[in-house]
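Reading through the structure tokens given below for one structure.
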Amino acid sequence: MKFTKKEMYLLEYCFDMNSGDNYVRNEMFPEWFKQDFNISKKEVEQIFKSLEKKFNNFNKEEVWVIK
């Protein structure tokens, strides 16, 4: 699967919920993860931070291919 630079920016913004309404990141996702995986709000935030770091690093690469 290949992504354009604009698509990568959009994906990155999806994980940057603190720039606006953070209800989804701080309330909805933690509730869904609690129901589906029985993990805490803190663990969900750690997942967000991990994904942000990966996307930021990936977004700096010249070629965007996901397998």
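Bear in mind these aren't lab numbers, they're just calculated from the coordinates by the rules spelled out. What you see is a predicted model; the values in this text were computed from it and never measured.
Overview of results
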{"quantity": "Rg ratio (alpha-carbon, reference 2.2 N^0.38 Å) - region 5-59", "calculated": "1.17"}
{"quantity": "Cα-Cα over 27 Å, subset of Lys5/Lys53; Lys34/Lys54; Lys6/Lys34; Lys5/Lys41; Lys5/Lys49; Lys5/Lys42", "calculated": "Lys6/Lys34; Lys5/Lys41; Lys5/Lys42"}
